[in-house]
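Contents: one structure, followed by commentary.
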Amino acid sequence: GAVVSQHPSRVICKSGTSVKIECRSLDFQATTMFWYRQFPKQSLMLMATSNEGSKATYEQGVEKDKFLINHASLTLSTLTVTSAHPEDSSFYICSARRLAGITFDEQFFGPGTRLTVL
Amino acid sequence: KNEVEQSPQNLTAQEGEFITINCSYSVGISALHWLQQHPGGGIVSLFMLSSGKKKHGRLIATINIQEKHSSLHITASHPRDSAVYICAVRSEGSQGNLIFGKGTKLSVKP
């Protein structure tokens, strides 16, 4: 099956610093990439949706100036958590969607990035 | 009430048992996903289905569109099947974002 990678898998940073997380679709071109956040024992929460070459669409309550998304190409999207604070500590998961037919598409998930802000 | 409900929330089984996890949803969907999340956090897509039934190894997924219900079955369960199983539906409409259930935590004892 298709593979989505994330880097880094784990990051610990000091409060106030910025952290960049990369998401790559390794063997396919993604029409759309999604960024999710998951708190312990909770379900995934969609943060934003991005399409290559256009601005990301953020979900209500997600600060676009804090969570910067750059979708540079059909295989790469980055999420930058700016001026991170302890409450930003979470598990961040990216997902990539590809077209599998005229009206059929598939969505694949990355392994996630665990962010801990001290 | 959540748009996607899973049951049970937690499930403990003995190795070899047949396992069923249920998912009910209340919105119109174009597809339904079953995902597996291991303790390390990574998510694996097990199935995507919009009708009928799919089988992959010991895993079987079924969906009844009229009843808005899907089941994930695991035959001959094994301790390595221990994980959180998440049902997610793709809502109808142009964005078609996934709506996730809260997951079912499965623990298979040897």
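The values are calculated or read from the model by the stated rules, or taken from the named source; none is laboratory data. Just so it is clear, the model here is predicted, and its values are computed rather than measured. Reconstructed Cβ throughout: ideal geometry from the backbone, glycine too, with neighbour counts over all protein chains shown. We work out accessible area using only protein heavy atoms, side chains counted, and drop any ligands, DNA or RNA first. Shrake-Rupley method; radii C 1.70, N 1.55, O 1.52, S 1.80 Å.
Odds and ends about this structure:
- Tally of residues being within 14 Å of chain A (Cβ to nearest Cβ), open to solvent by 40 Å² or more (accessible area, probe 1.4 Å) and either farther than 23 Å from B:Asn10 by Cα or in a loop (DSSP other than H, G, I, E, B) (or both) across region B:57-95: 5
- The residues on offer are A:Ala96, A:Ala84, and the sole one that is touching a residue at least 12 places away in the same chain (Cβ under 8 Å), assigned to a loop (DSSP other than H, G, I, E, B) and either more than 13 Å from chain B (Cβ to nearest Cβ) or open to solvent by less than 30 Å² (accessible area, probe 1.4 Å) (or both) is A:Ala84.
- Taking residues in region A:13-36 that are of a type in the set (D, E, K, R), and partners anywhere that are in a loop (DSSP other than H, G, I, E, B) and surrounded by 12 or more Cβ atoms within 10 Å (Cβ to Cβ), the pairs with Cβ atoms closer than 7 Å and at least 6 places apart or on different chains are A:Arg24/A:Thr75; A:Asp27/A:Ala2; A:Asp27/A:Val3.
- Within region A:38-55, considering residues that are within 13 Å of chain B (Cβ to nearest Cβ) and assigned to a loop (DSSP other than H, G, I, E, B), the one nearest to the chain's Cα centre (by Cα): A:Leu44
- Residue in region B:50-72 that is within 26 Å of A:Ser50 (Cα to Cα) and out of contact with any Cys (no Cβ under 6 Å at 6 or more places or on another chain) present: yes
- Residues in region B:61-95 that are of a type in the set (S, T, N, Q) and in contact (Cβ under 8 Å) with a residue 24 or more places away in the chain: B:Ser70, B:Ser71, B:Thr75, B:Ser77, B:Ser82, B:Ser91.
- Check on B:Val44, closer than 24 Å to A:Phe39 by Cβ, within 14 Å of chain A (Cβ to nearest Cβ), part of a strand (DSSP E or B) and in contact (Cβ under 8 Å) with a residue 12 or more places away in the chain: no
- Residue in region A:26-37 that is in a strand (DSSP E or B), surrounded by 22 or more Cβ atoms within 10 Å (Cβ to Cβ) and aliphatic (A, V, I, L, M) present: yes
- Boolean, A:Glu106 is touching a residue at least 40 places away in the same chain (Cβ under 8 Å), in a strand (DSSP E or B) and away from chain B (no Cβ under 12 Å): no
- Residue match in region A:65-79 (condition: part of a loop (DSSP other than H, G, I, E, B) and within 23 Å of B:Cys87 (Cβ to Cβ)): no
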